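Notes for the one structure printed next.
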Amino acid sequence: MTFLKITFPLQDPVPIFTIVLFIILLAPIILRKLRIPSIVGLILAGMTIGDHGFNLVAKGSIDLFGKAGLLYIMFLAGLELDMAEFKKNTYKSIVFGLFTFTIPLALGFLLCKYFLHFNFTASLLVSSMFATHTLVAYPLASRMGISKNEAVTIAVGGTIITDTAVLLMLPVIVGSVNGGLNQEFWVRLTISFLVFAFFILFGFPFIARWFFKRIKDDQTTHFVFVLAMVFLAAFLAELAGVEGIIGAFLAGLALNQLIPRTSPLMNRIEFTGNAIFIPFFLISVGMLIDLRVLLKGQTALIIAGALTAMALGSKWMAAFFTQLIFKFTPTQRNVIFGLSCAHAAATIAVILIGYRLGVVDENVLNGTIVLILITCLTGSFVTANAGKRLALTETKKLPEVTNLHERIMIAVTNPEKNEQLVDFAVLLQEQREKKSVYLLYVVEDDDEVKGKVLLTNRNMEKVIKHAAETETKLQLLTRVDLNMTSGVSRAVKEMLISDVIIDQDEKSSGTTGYLFNSLFGSATENILDSVWETVYACRLKHPVNTNKRIILVITKNSEYEIGFSYFIKKIASLAGQLGAKLIVYATDKTQLAFEKQIKKFRGLGDVRYKTFSTDTETESVSKNISEDDLIIIVSARKGTISYNSQIENMPGRMMRQFPDNNFILLYPEQTQVDFLEGGGMQSEDLKLSPIQEQIDNLNKLGKAVKKIFKSGITKSDRPGDNEKG
């Protein structure tokens, strides 16, 4: 067909992309008015422009982006999977995976063999198609914020089990048709799949961690690297004899803990997928659907109806039995059913291979296309409705530990570290709160103060842009004051700040610096003397998302501080975002209090406890630290209930011992009035008297002088010096 010198179907990429992009733009807007999910709209739009509709776009013209979108859906499913919840629900995922595989396979085989009268190979092929499903409706669940719910986690976990089983069956069926089902075939398939899975799950995290540490600030390069890893995994899967979607999903699992949910990189990944790749996939699925097959005779209608009814009925039964066993709510059951009932990607792969081999005829192929349309529509509607109810239920579950005035402020001491500190602040922030993060820059008052303020505002543009990439509201605060400490203290009071993040000053880490700090106090100590809210003194050598574990050392009697529950909430949020293991060192009494509080927070993985009480046990902590650990020491301000002079020097020693590790000194919130009056302290908890504190200070000063004296002797220690002495 030709119109104004334009020949249809279109084959030129420019008009094809124009049409597809306008569909992606307008279809959701129009169908949202009709309360139809955008996923359904994109599938219907694909039907309209394809060769089975108005034939506007040539067949196969967007297959490349369609295949990329399918891989992207599977990758996002693995990447957004809450690994802590998945580990907790591994047993449930396996049970649902077995149900959603065996029930459709068994019932489908009976249907095909005894009702539709297919032969054994055709019955096995078509019934395996019933067992598989595609997470077409997963983007809906993700947008509604229920991707971490137990029902969604189980549905995603079951997907990888059933799809892997089906896609491993496919080469077996093909081998049986071609007569190549021998011992060599089984050995080759088993070894290649195991080697492939091992490399993805263990090799990819090692490579990605190394890459993110070496390339720190180039976000574009990070995104291209992740995209390359996804398609490499899909390619390796095909080399191993399985479908590429398995590789994409395993790549998501492998990179899960290295890409935090609130990071700029995650924002780019989701944005690109939702804007380009996933819509292209849905449109490509719609282009396969041909409703005219229903007019080709009674046989086509019977097969299409039987296949569709079995596909939906068997998947509903799997969700129903899962609900009965694990006592889920009807809403959760419907979410599981909505996510698992859609057939698209693997279904098409299975049937097309069977059609090309002559195992199934055109009626089965056309009936499968109808099945894809109806199941995708059903899955989208069910997930949208049930997901909305589940999301409303989730929002009513308020956290047990709350801070009504939670505000995070970064006090700028080193402008080069601003972006790292902003990323850390975003990880601390609860996702549902979405409050502003304040960035404070203190300008000392002098004759050039106006120029310094203007220069500061100009220099902050880069970090503001960086924060915008994570959809984080960053509010710049500029204070003119006598010094940094005074400016920070005033800002905390004026803005009702709850959490203060500062960069750890390492310039005074030497022996001379130690003596200076002993006499006049470090910048951190001066801020702590005037700020009694939660303070994080950070030394971030590399991106926090590359940390595998969090080593948390808690000082004795911390459970008596008013900020104890609050800082545990923040540690739990940080560990959950990173998917990192939490190793807690504390006294037995503090451990019990910590365990009681940590149980209130969901989404945490493995938490292990080890006894720690005095400075002499520092060596035992150090032995268990690796280069990929984030070290957090919960310290205390002098004279407070949890202050212990025996471990005061521990942070400095550990920072020198592990110069390349990320390190955070955490000072929990305390009440200054309680400290001044002393009314809230018990004699058995607070053992230091003012006299003893001064004795400790003199001992520290003496040790510092000895270090200087020893270092001086070492520098002048040449042959003959002792004899001359």
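The values are calculated or read from the model by the stated rules, or taken from the named source; none is laboratory data. What you see is a predicted model, and the numbers here were worked out from it, not measured in a lab. Quick reminder, even Gly has a Cβ in these numbers, built from the backbone with ideal geometry, and neighbours come from all protein chains shown.
Numbers at a glance
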read-out	value
Failed item in (1) touching a residue at least 40 places away in the same chain (Cβ under 8 Å); (2) within 19 Å of Gly241 (Cα to Cα), with Ala208 passing the rest	(2)
Segment 619-653 - residue that is more than 29 Å from Phe206 (Cα to Cα) and of a type in the set (S, T, N, Q) and, of those, modelled with the highest pLDDT	Ser635
For Pro28: the one exception among (1) touching a Ser or Thr at 6+ places or on another chain (Cβ under 9 Å); (2) crowded, with 16+ Cβ neighbours inside 10 Å; (3) in contact (Cβ under 8 Å) with a residue 60 or more places away in the chain	(3)
Selection status of Met287, in contact with a His (Cβ under 8 Å, 6 or more places away or on another chain), touching a residue at least 40 places away in the same chain (Cβ under 8 Å), assigned to a helix (DSSP H, G or I) and not assigned by TED's automatic domain parsing to the domain that holds Ala575	yes
Elements of type helices (runs of 4 or more DSSP H) in segment 491-590, at least 1 residues being more than 30 Å from Ile215 (Cβ to Cβ), within 20 Å of the chain's Cα centre (by Cα) and at pLDDT below 90	564-578
Looking only at segment 39-55, and only at residues there that are buried (at least 17 other Cβ atoms within 10 Å of the Cβ) and outside any helix (DSSP H, G or I), the one that is nearest to the chain's Cα centre (by Cα)	Gly50
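So that you can scan it fast, the table gives a plain yes or no per residue for (1) within 23 Å of Leu140 (Cα to Cα); (2) at pLDDT 85 or above; (3) buried (at least 18 other Cβ atoms within 10 Å of the Cβ); (4) more than 21 Å from the chain's Cα centre (by Cα):
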position	(1), (2), (3), (4)
Leu194	no, yes, no, yes
Phe206	no, yes, no, no
Phe212	no, yes, yes, no
Lys216	no, no, no, no
Gln219	no, no, no, no
Val224	no, yes, no, no
Ala237	no, yes, yes, yes
Leu258	no, yes, yes, no
